[in-house]
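Heads up: the structure comes next, in structure tokens.
The values are calculated or read from the model by the stated rules, or taken from the named source; none is laboratory data. These figures come from a predicted structure and were not determined experimentally. Cβ sites come from the backbone with ideal geometry, for glycine too, and all protein chains shown count toward neighbours. Accessible surface areas use protein heavy atoms only, side chains included; no ligands, DNA or RNA. Shrake-Rupley method; radii C 1.70, N 1.55, O 1.52, S 1.80 Å.
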Amino acid sequence: MSVKSIEWRNDSVVMLNQLLLPHEVKYETYHNYLDVADAIRRMVIRGAPAIGIAAAMGIALGASQKEASSYSLLAQHIDDICEEMADTRPTAVNLFWAIDRMKRCLKEREGDSIADIQAALIAEAKLILEEDIAINRRIGEWGARLVKDGDTILTHCNAGALATGGYGTATAVMRVAQEQGKKIHVLADETRPYLQGARLTAWELMEDHISVEIITDNMAGHFLKSGQVDLCIVGTDRTAANGDVANKIGTYMVALAAHANDIPFYVAAPTSSIDLSLSTGDEIPIEERSAHEVVHIGSHSIAPANASARHIAFDVTPARYITAIITENGIASPPYPITLGPVARNT
Ligand code: MRU
């Protein structure tokens, strides 16, 4: 199996603090929804599906602690919690998907006792976590068909167990391929500035005894051009109806280099990351984070004092560079405007 990023335990939310990895494996307990929102903002937990699960659990936590005398008072409180969660990180659509799902659960229970509604919201958040793991397993099974014995897979950022409820999306493909007895090797881009590849992907693959080497982001082109990569697999924070994919900054450059060298570039996307309401990737909100995270590695400064910098956290890879999108319902190939909808809706 794989590492756990989050769970509901004793009426609280327990999360692995990813800011401390790989040096310290520390699970922290959250008793307050505002602290859960803050943890999402600070990237204690990160990765699109994991952000959605954390938000759902934060909503369940806040709702369960409210002493409301009526449905409308509880609903008002839940609206406030949802607003707080929605304001954490803008790009991962899973966050908004999870908020909508929790709101739907509330609405369906109108008329039930407050205690029953609170219990139902906790059950829904736990179900979102369980379903996510099962979905990832299915992504892995579809995706492993694209992996041959002996393949080297390049990945960017962490679309792993840590970014999800467990098992990962891009890493699910690697895990299933390895379980099937295929010998694979992974090249993990370090993923500046947050180093999700070096700190998180390398760590969780090593925990599962999957062969992995870390490369700096600017080495990816060399490995792709020199015939040392058979395929690329990345995750996504939001995929538009036309197949444009927002993912961690730097993904676009990997896709360009893969395209220029005729190497397949796959995106592993649970359908909760597909946003059919957006026709193209131009409409995807792109998070810009503090420049402090660019000019520091951890607490260590790497630039002149007071140097200006930018920290764009995601980029959009146009659909034309994406060989296929692997979902839990099957693999969508171009033309995405025709193939993605049915796969996302499972029709
Ligand atoms: O800023 P992060 O670490 O939350 O960004 C994560 C990514 O870009 C992942 O590739 C994406 O969320 C997919 S996770 C299955």
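So what is the accessible area of the range 139-345 per residue, in Å², with the probe set to 1.4 Å?
Numbers: 8070 Å² over 207 residues.
Value for the range 139-345: 39 Å² per residue.
Compute the signed sum of charges (Lys and Arg +1, Asp and Glu -1) over the other residues within less than 15 Å, Cβ to Cβ, of PHE314.
Values: positive: ARG46, ARG89, ARG192, ARG238, LYS248, ARG289, ARG310; negative: ASP189, ASP217, ASP237, ASP244, ASP275, ASP282, GLU283, GLU287, GLU288, GLU293, ASP315.
Charge balance in the 15 Å sphere: -4.
Can you tell me the FRET efficiency between ASP100 and ALA303 if r is taken as the Cβ-Cβ distance and R0 is 41 Å, rounded to the nearest 0.05?
On the way: r = 41 Å, r/R0 = 0.99.
Approximately 0.50, to the nearest 0.05.
Could you work out how far apart the two model spin labels at ASP116 and ARG9 are, taking each label as a point 7 Å from the Cα in the direction of the beta carbon, and quote it in nm?
Distance between the two pseudo-spin positions: 3.2 nm.
Per q in 0.07, 0.11, 0.15 1/Å, what log10 I(q)/I(0) does a Debye calculation on the alpha-carbon atoms of the chain return?
Taking Cα atoms of the chain as identical point scatterers yields -0.28, -0.69, -1.25.
Could you work out the relative contact order of the range 56-127? I mean the mean sequence separation of Cα pairs under 8 Å and 6+ apart, divided by the number of residues, in percent. Intermediate values should be presented prior to the final figure.
Numbers: 55 pairs, mean separation 33.5, N = 72.
Relative contact order here is 46 percent.
Report, in deg cm²/dmol and to the nearest 500, the calculated mean residue ellipticity at 222 nm for the chain, where each DSSP H run with n ≥ 4 adds -39500 (n - 2.57) and the sum is divided by the residue count. Before the final figure, lay out each step's value.
On the way: 11 runs with 136 residues, N = 347.
That calculation yields -12500 deg cm²/dmol at 222 nm.
For the residue pair LEU127 and VAL25, what label-to-label distance in nm results when each label sits 7 Å from Cα along the Cα-to-beta-carbon direction?
Computed distance between label sites LEU127 and VAL25 equals 3.2 nm.
Using the Cα gyration tensor of the range 193-324, with a ≥ b ≥ c the square roots of its eigenvalues, what is the shape: rounded (a/c below 1.5), prolate (a/b larger than b/c) or oblate (neither)?
Values: a/c = 1.65, a/b = 1.17, b/c = 1.42.
Because a/c hits 1.5 or more and a/b fails to exceed b/c, the range 193-324 counts as oblate.
Of the cross-linked pairs LYS183/LYS225; LYS182/LYS248; LYS4/LYS248, which ones have a Cα-Cα span greater than 26 Å in the structure shown?
Details: LYS183/LYS225 22 Å; LYS182/LYS248 28 Å; LYS4/LYS248 22 Å.
Listed pairs above 26 Å: LYS182/LYS248.
Normalised by the number of residues in the range 260-347, what is the relative contact order in percent for Cα pairs under 8 Å and 6+ residues apart? The partial results should precede the final answer.
Numbers: 93 pairs, mean separation 31.5, N = 88.
36 percent.
By its C-alpha gyration tensor, with a ≥ b ≥ c as the square roots of the eigenvalues, how is the range 1-150 shaped: rounded for a/c under 1.5, else prolate for a/b larger than b/c, else oblate? Display every interim value, and only then the final one.
Working: a/c = 2.13, a/b = 1.59, b/c = 1.34.
Cα axes put the range 1-150 in the prolate bin.
Would you mind telling me the share, in percent, of accessible area of the chain contributed by carbon and sulfur at probe 1.4 angstrom? Let's see the in-between values first.
Working: 7310 of 14360 Å².
Carbon plus sulfur share of accessible area: 51 percent.
Before I look further, what does the range 67-125 give for accessible area per residue, probe 1.4 Å, in whole square angstrom?
On the way: 2870 Å² over 59 residues.
Here the residues of the range 67-125 average 49 Å² of exposed surface.
Above 14 Å lies some portion of the pair distances; for the range 1-79, what is it as a whole percent of all C-alpha pairs? All intermediate terms of the calculation are to be shown ahead of the outcome.
Numbers: 1895 of 3081 pairs.
So the portion of pairs separated by more than 14 Å is 62 percent.
I'd like to verify something in the chain: which complete DSSP H helices, judged by Cα projection on the helix axis, reach 27 Å or more and average at least 0.0 on the Kyte-Doolittle scale?
On the way: long enough: 114-144 (45 Å, 0.42).
Result, helices passing both filters: 114-144.
Cα-based count: Lys pairs in the range 6-137 below 20 Å, eight or more positions apart or different chains? Write down the numbers at each step before the final one.
Details: LYS66/LYS103; LYS66/LYS107; LYS66/LYS126; LYS103/LYS126; LYS107/LYS126.
Close lysine pairs found across the range 6-137: 5.
For LYS148, which aspartates and glutamates qualify as cross-link partners when the Cα separation must be under 12 Å and same-chain residues fewer than eight apart are set aside?
Cross-link targets: ASP230.
Given the chain, what percent of its DSSP beta bridges are antiparallel, to the nearest 5? Write down the numbers at each step before the final one.
Details: 20 of 39 bridges.
Approximately 50 percent, going by the DSSP bridge assignments.
Could you work out how far the C-alpha centroid of the range 11-49 sits from that of the range 134-177, in angstrom?
Result: 23 Å between the Cα centres.
Run the numbers on the chain and let me know its relative contact order in percent, using alpha-carbon pairs under 8 Å that are six or more apart.
Working: 733 pairs, mean separation 55.8, N = 347.
Over the chain, the number comes to 16 percent.
Taking the Cα atoms of the range 168-258 alone, what are Rg (to one decimal) and Dmax (as a whole number) in Å?
Over the range 168-258's Cα set, Rg and Dmax evaluate to 13.2, 37 Å.
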